[in-house]
2 protein chains.
Amino acid sequence: MNENAESLFDTDSRHSWNIQRFLSYHCKQSSAVLIHNTMTENGCEYRERVLTMDTMNPNVKRVEYAVRGPIVQRAVQIERELKMGIKKPFTEVIRANIGDCHAMGQKPITFFRQVLALCSYPDLLEDGKFPEDAKSRARRILQACGGGSLGAYSTSQGIEMIRQDIARYIERRDGGITCDPDNIYLSTGASDAIVTMLKLLVSGEGMSRTGVMISIPQYPLYSATLAELGAVQISYYLDEDNCWSLDISELRRALQEAKKHCSPRALCIINPGNPTGQVQSRQCIEGVIRFAAAEKLFLMADEVYQDNVYADGCKFHSFKKVLFEMGLEYSEKVELASFHSTSKCYMGECGFRGGYMEVVNLDPEVKVQLTKLVSVRLCPPVPGQALLDVVVNPPQPDEPSYDTFIKERTDTLATLAEKANMTQEILNQVPGIKCNPVQGAMYTFPRIHLPPKAILEAKKEQTPDMFYCMKLLEETGICLVPGSGFGQRDGTYHFRMTILPPKEKLKIVLAKIKEFHQHFMAQYS
Amino acid sequence: MNENAESLFDTDSRHSWNIQRFLSYHCKQSSAVLIHNTMTENGCEYRERVLTMDTMNPNVKRVEYAVRGPIVQRAVQIERELKMGIKKPFTEVIRANIGDCHAMGQKPITFFRQVLALCSYPDLLEDGKFPEDAKSRARRILQACGGGSLGAYSTSQGIEMIRQDIARYIERRDGGITCDPDNIYLSTGASDAIVTMLKLLVSGEGMSRTGVMISIPQYPLYSATLAELGAVQISYYLDEDNCWSLDISELRRALQEAKKHCSPRALCIINPGNPTGQVQSRQCIEGVIRFAAAEKLFLMADEVYQDNVYADGCKFHSFKKVLFEMGLEYSEKVELASFHSTSKCYMGECGFRGGYMEVVNLDPEVKVQLTKLVSVRLCPPVPGQALLDVVVNPPQPDEPSYDTFIKERTDTLATLAEKANMTQEILNQVPGIKCNPVQGAMYTFPRIHLPPKAILEAKKEQTPDMFYCMKLLEETGICLVPGSGFGQRDGTYHFRMTILPPKEKLKIVLAKIKEFHQHFMAQYS
């Protein structure tokens, strides 16, 4: 990176895609070369490109995705600078910006990886070293694959046997409420299924354009997808003063307002919450379902953190279960899609991009359309499907891998619970940081009270929380995501931080944040 | 399946989603139950669903994807019927409808699967049974993964080291023309990258709506994606009488016509061809590039069959190489995206959904938008990325796995070449079937001359080629795709058939088709 570019980056980074300007700088450099060359060749003729910022899809331009936004790109640069020997006040970048469990040292479940290795290279089935239960799972999965190979396409909805296993898993989870394997669609991570469902829901123009209710703060996949599809985002605010709980009257307010300019048709819920870490009570879920039924909204329940519940008195309740326990009036009426993934919980297998959704009360003709739509992409990754199969069909008490499996799962979840608690405790000791309990999921979303002088200083260039996080990154190497990337009430500032770094490292991270914050406050008071 | 439904299916299946009507029948049954229940509960109130055929995304309704369309769904039903013991004139369904290599018995490359097993379960790195080159590849891949695990997210563009390996692979393929790893984007199969690129290109309304040129016949991913994005499909016809070659004057005709009602901005080429099996000459590719340059079209080159070239005198020429050998006038001007995949060639690893695209001359600001867009889906499946890495970085002559690797690759490609030849020879012996040489890829797209009586009979219910293929399926168990799913000149009829069944089975398939066709001709003459 040359010096001019460096200084450009440092002094001009207002909006969330400020990095774009940094990159544009380089672009203009190389464009200039291009123009020059072309001019040499063809005299004065300069051929404009077909695909430019002016001609490209305007909806794509509107997409923002903070979790991998400019701060993360700056973190990558800093890592390169460290490698090049450039001195910094720290020796490594610590990425607490994304729920990337294994990257933060969480270990994969041995049994799952054994089965995947056996499926990848079936010669290992003859190897005495592998436990029998891993071998029998692998054989069963391979028998369900075309030609006995993970390399064959599956049906677009996902391998039938795996859908049956998922259905039985859901039935166990939901105390016996039936689940039809034909309502299960495997996907490339939960994101893929969420996008597919939103795609089906979006139609109309102007006043009749589909509006979709999403929480603020939200996981930015939702806002990004709505922007890409040109749908209307309807924001409802979670109640920070009440542990980020969902208030039905706030849903009502947001909906009434939205009805003036669009056609609200879906309501998205993330439970346990991302980025806010709350776990919804059963009562709250019932309220949401009643609201959706009364207002004719399609429910989308993002339940990828369903095993990540830590706080005493909190319990995960699936929307499906609550819906069915509310009686026929609801269970036969409310349309619901629920999403799950191999990326979170105790598995943390993000790289495999495994996931599924269950659809409930979906119009059968629409279901045919859904099946057709997913068929265009042929099938979800088969290794991810195989992984999902062992997640929903893990070792049983009479099987050789059971004890190890239970120990690994318990340890991982217990460590996460400990870290959730530690994060909240330490952050709440810092004057000017206020943090709700991390009841579940993998994140804390503390509020930071910034002095007016800092806000003024920041606003020259960027949002105050981006200013704060960028400064933290430059001074400590800790990479967080500014609250503005998830949405927050005007005039409030937050950051999202994962609880994933190993315990000892997390302690250091929290101590560094504490020290940074105090220094920051002193500097701008 | 009850009898009414059966007869509905048999007698009414006109359009390509006729299966939908079959399913609708069941839907209405269950809707009726729903209405009844709801009435019992709430008196006369019947709550309409939120998401119905009337309210759903109209673009999604327009999507068609024949490769997994109604004929394949019928094939699945027939398989179930066979399992239930229902007597048929055959004992198994043979799927020659989709390029699903492993499902048709093609064996995976041992070295690739060893590396994948080692990456999945790194304890195996201590196992003496694995060759050293497989271990060193696996170690290298794991070092490039977060936390040394396939379970970590990668950067959204794909693992940097793998992008470097791909760049070197492309440079070797293209005789040293440089490739920048930063122009490589890994993807979830090639389909994913093709959709992403089209998504960027689509904008405008009415006359200024983006038009995209695609060949007819085409691989239906293209038409499906254009329908979903609401872009304008511009069809140019391949010349069946000249081995499905591409004629520049036909491109010109199609473009001039399209300019009357849309804004043409991209030209898609599939080489080697799917479903048509032709391999483009260098001269033809040069013509296409000159045309794209003159008409300001963004080039999209689908080159997933680049190793699948069988015919004497045919050779694969990458668009990138030809472009750069045409001089600066082209190499610095023409925008190109080229696509590749782990699913085809000698690997046939469809289930892993590995793929990449290389972008050339992409506007640097648009590239930032592209990187942002792919970041919303987090990353392509990491096992597919790992697989791609060994594909582009296979065993070298001094490594222990080299001989086996070369033998396996050579055998697979030689067998495919033999089957390509056999398919064409046998089909051309049948009066009323005319089949171009299968120069490359994995398909034949023969023309079938149907007697007027058959056409008349068919048209009562469906397209004549669907009628033909459905009859073939019911009578022989062979599953092909009607030409109408790929597009064909009016009044001509074709089917697409893969050359993938094992040699002995392929012989039987071809003999059965021959016999069926003769019988069909006799019946309708």
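The values are calculated or read from the model by the stated rules, or taken from the named source; none is laboratory data. On a predicted model such as this, the values are computed, not experimentally measured, just so you know. Every residue, glycine among them, receives a Cβ derived from its backbone with ideal geometry; neighbour counts consider all protein chains shown. Note: areas computed on protein heavy atoms with side chains; ligands, DNA, RNA excluded. Shrake-Rupley method; radii C 1.70, N 1.55, O 1.52, S 1.80 Å.
Where the centroid of each part is defined by its Cα atoms, how far is segment A:105-165 from segment B:147-199 in Å?
Answer, in whole Å: 27.
Within 10 Å of each Cβ in A:326-335, how many Cβ atoms from other chains are there, averaged over the peptide?
The shielding value for this peptide is 4.
Which residues of segment A:375-394 bury at least 50 Å² of accessible area once all protein chains are present, versus their chain alone (1.4 Å probe)?
Hits at the 50 Å² cut-off: A:Val376, A:Arg377, A:Leu378.
Tell me, what is the FRET efficiency for B:Glu160 and A:Lys505 to the nearest 0.05, using R0 = 35 angstrom and their Cβ-Cβ distance as r?
So the FRET efficiency works out to roughly 0.90.
Alpha carbon centre of segment A:302-374 versus segment B:323-351: separation in Å?
Each part reduced to its Cα centre gives a spacing of 40 Å.
Over the alpha-carbon set of segment A:397-506, work out the extent along each principal axis and list the three values in angstrom, largest first.
64, 24, 24
In whole Hz, with x marking every Gly and Pro, tabulate ³J(HN,Hα) for segment B:80-96 from phi via Karplus 6.51 cos²θ - 1.76 cosθ + 1.60, θ = phi - 60°.
5, 4, 4, 4, 6, x, 5, 6, 9, x, 8, 10, 8, 8, 10, 8, 10
I need the inter-copy label distances for A:Thr52: point set 7 Å along Cα to C-beta, values in nm with one decimal, smallest first.
Nearest first, the other copies' label points are 4.7 nm away.
Divide, for segment B:77-190, the radius of gyration over alpha carbons by 2.2 N^0.38 Å, where N is the residue count.
Dividing the Cα Rg of segment B:77-190 by 2.2 N^0.38 Å gives 1.54.
Placing +1 on the Cβ of each Lys and Arg and -1 on the Cβ of each Asp and Glu in the protein assembly as shown, which of B:Tyr524, A:His261, B:Met326 has its Cα farthest towards the positive end of the resulting dipole?
The one lying farthest along the dipole's positive direction is A:His261.
According to a simple spin-label model (label point 7 Å from Cα along Cα-to-Cβ), what is the distance in nm between B:Asp123 and A:Lys259?
The two pseudo-label positions are separated by 6.0 nm.
Taking R0 as 22 Å, what's the FRET efficiency between B:Gln518 and B:Lys471 from their Cβ-Cβ distance, rounded to 0.05?
Once rounded, the FRET efficiency stands at 0.95.
Taking the Cα atoms of segment A:107-152, report the difference between the largest and smallest coordinate on each principal axis, in whole Å and largest first.
Here the spans come out as 29, 23, 14 Å, largest first.
Compare the Cα positions of B:Thr91, A:Ile216, B:Ser375 along the charge dipole of the protein assembly as shown (+1 at Cβ of Lys, Arg; -1 at Cβ of Asp, Glu; about the Cα centre) and return the one farthest towards the positive end.
After comparing all options, I get A:Ile216.
Rounded to the nearest 100 Å², what is the sum over both chains of accessible area buried where A meets B, with a probe of 1.4 Å?
Rounded to the nearest hundred, the buried surface is 9600 Å².
Write down Rg/Rh for segment B:163-375, rounded to two decimals, with Rg from the C-alpha atoms and Rh from the Kirkwood relation over Cα pairs.
With Rh from the inverse mean 1/r over Cα pairs, Rg/Rh is 0.93.
Can you pull the mean other chain C-beta count within 10 Å for peptide B:343-351?
That works out to 5 on average.
Using unit Cβ charges (K, R positive; D, E negative) and no other charged atoms, how large, in debye to the nearest 20, is the dipole of the protein assembly as shown about its Cα centre?
840 debye
Pop out a list of residues from segment B:282-319 that are at least 20 Å² less accessible with all the protein chains around than in their chain alone; 1.4 Å probe, no ligands or nucleic acids counted.
Going by heavy-atom accessible area, the residues of segment B:282-319 that drop by at least 20 Å² are B:Lys296.
A:Met207 versus A:Asp403, label points 7 Å from Cα toward the beta carbon: distance in nm?
Distance between the two pseudo-spin positions: 7.0 nm.
Restricting attention to the alpha-carbon atoms of the protein assembly as shown, what are Rg (one decimal) and Dmax (integer), both in Å?
28.7, 95
To the nearest 0.05, how large is the calculated FRET efficiency for A:Gln429 and A:Ser249 if R₀ is 35 Å and r is the Cβ-Cβ distance?
Approximately 0.55, to the nearest 0.05.
Using alpha carbons only, how many angstrom separate the centre of segment A:385-402 from the centre of segment B:274-293?
One Cα centre to the other: 51 Å.
In bins 20 Å wide, starting from 0, what share of all Cα pairs of chain A does each bin hold, as a percent?
20, 51, 27, 2, 0
About the Cα centre of chain B, how large is the charge dipole given +1 on each Lys and Arg Cβ and -1 on each Asp and Glu Cβ? Please answer in debye to the nearest 20.
800 debye
Quick one: with label points 7 Å out along Cα→Cβ, list the inter-copy distances for A:Ser281 in nm, shortest first?
7.8
What's the average, rounded to a whole number, of partner chain beta-carbon atoms within 10 Å of each residue's beta-carbon in A:100-112?
Shielding by partners across A:100-112 averages 5.
How far apart, in nanometres, would the label points at A:Glu92 and B:Thr415 be if each is projected 7 angstrom from Cα along the Cα-to-Cβ direction?
It is 4.7 nm.
When ranked by the protection proxy of mean other Cβ atoms within 10 Å per residue, highest first, what sequence do the peptides A:129-139, A:461-471 form?
The packing order, highest mean first, is A:461-471, A:129-139.
Express the carbon and sulfur contribution to the solvent-accessible surface of the protein assembly as shown as a percent, rounded to the nearest whole number, probe 1.4 angstrom.
Of the solvent-accessible surface of the protein assembly as shown, carbon and sulfur hold 51 percent.
How far, in nm to one decimal, is A:Ile248 from itself in the other copies if the label point is set 7 angstrom along Cα toward Cβ? Shortest first, please.
7.0
Which three numbers, in whole Å and largest first, are the semi-axes of the equivalent ellipsoid of segment A:177-225 derived from its Cα gyration tensor as √(5λ)?
Here the semi-axes work out to 24, 16, 11 Å.
Working out 0.36 nm times the residue gap between A:Glu329 and A:Ser281, then minus their Cα-Cα distance, what length gain in nm do you get to one decimal?
Computed gain between A:Glu329 and A:Ser281 is 15.2 nm.
Evaluate the charge dipole of segment B:141-209 about its Cα centre and quote only its size in Debye, nearest 20, assuming +1 on the Cβ of each Lys and Arg and -1 on the Cβ of each Asp and Glu.
120 debye
Antiparallel versus total DSSP beta bridges in segment A:154-392: what percent is that, nearest 5?
In segment A:154-392, DSSP labels about 40 percent of beta bridges as antiparallel.
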